[in-house]
Amino acid sequence: MSDVFDELKKFDAEYAPEGGITPGPESLPDGEYDFQITSADVEKTKKSGMPILRMGLRVVGGALDGRTLERASFLDKQKGINRLGADLITLGFDADTWTMAHGKSFGDELRAAIQRLAGVTFSGKKVTSDDVDQNGDHYHNIYINSLTRLAGMPQRPAPAVSPAPHPSWKPPPDNGLFVPGGTAPAYSDDDIPF
């Protein structure tokens, strides 16, 4: 009887393990979930070269806590770009200002925003559509409903740069309580009756 392990040696010369495939939304039952974005990157698909935003997600809380999946946004049609912009607004980005009228480029702003997506948490809904693709498979979507604040996690994406103070801001009057670089005045609680 031949040893199976000896037979497998014929693959030794070209053995190169490949990374696993991250499951998509189809791996979740339909319903409401809290998610944390674990990663985000734009790339082109291998077959068609279509630009796509891939967001790694992790379910936070509930029976499926810790389950990971990928949410893909196709960036090849205006409708998809507009939908992504709306999602980014929901996630706390100022994507409504990423327009030529505001002197900004959607592509440039998206490049910067992607670096700030990891760690953002949101409530979403997984939905299986009645529509089917050319293979007869149903579409599975994760809709971003609202930005959430989960314990120990940032509520909003970190700003790209520190915002400038509001034009009407003025420093507080010097009342002797704060001296930049100085020490705080000494106070006593001896006069408090309890």
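A few points about this structure:
- Short-range pairs are left out: with C-alpha atoms under 8 Å and at least six residues apart, the relative contact order of region 20-147 is 28 percent.
- Simple rule: put +1 on each Lys or Arg Cβ and -1 on each Asp or Glu Cβ in region 20-147, find the dipole, and look at 68, 27, 38; the Cα lying farthest toward the positive end is 38.
- Listed values for region 87-93 are Karplus-derived 3J(HN,Hα) couplings in whole Hz (6.51 cos²θ - 1.76 cosθ + 1.60, θ = phi - 60°), namely 4, 5, 4, 4, 7, x, 8, and x replaces Gly and Pro.
- Lys pairs under 29 Å by Cα in region 20-147, provided they are eight or more residues apart or on distinct chains: 18
- Proximity of backbone amide H atoms, modeled 1.01 Å from N, is registered between residue 45 and 50, 52 at under 5 Å, excluding neighbours fewer than 5 places apart on the same chain.
- Straight Cα distances below 17 angstrom link residue 10 to none of the aspartates and glutamates, with same-chain residues fewer than 8 positions distant left out.
- Label-point separation, residue 72 to residue 32 (7 Å along Cα→Cβ), nm: 2.9
- Ranked by how many other Cβ atoms sit within 10 Å of their own Cβ, fewest first, the residues 57, 84 fall in the order 84, 57.
- FRET efficiency, 1/(1 + (r/R0)^6) with R0 41 Å, evaluated for residue 15 and residue 127 via beta carbons: 0.50
- Look at 37, 81 and count the other Cβ atoms within 10 Å of each Cβ; fewest to most, that gives 81, 37.
- Sequence of 127, 120, 4, 60 once ranked by neighbouring C-beta atoms within 10 Å, starting from the fewest: 4, 127, 60, 120
FYI, it's all coordinate maths here, none of it is from the lab. Note that the structure is predicted; figures quoted are calculated from it, not measured. Neighbour counts are summed over all protein chains in view; Cβ atoms, including those assigned to glycine, are modelled from backbone coordinates with ideal geometry.
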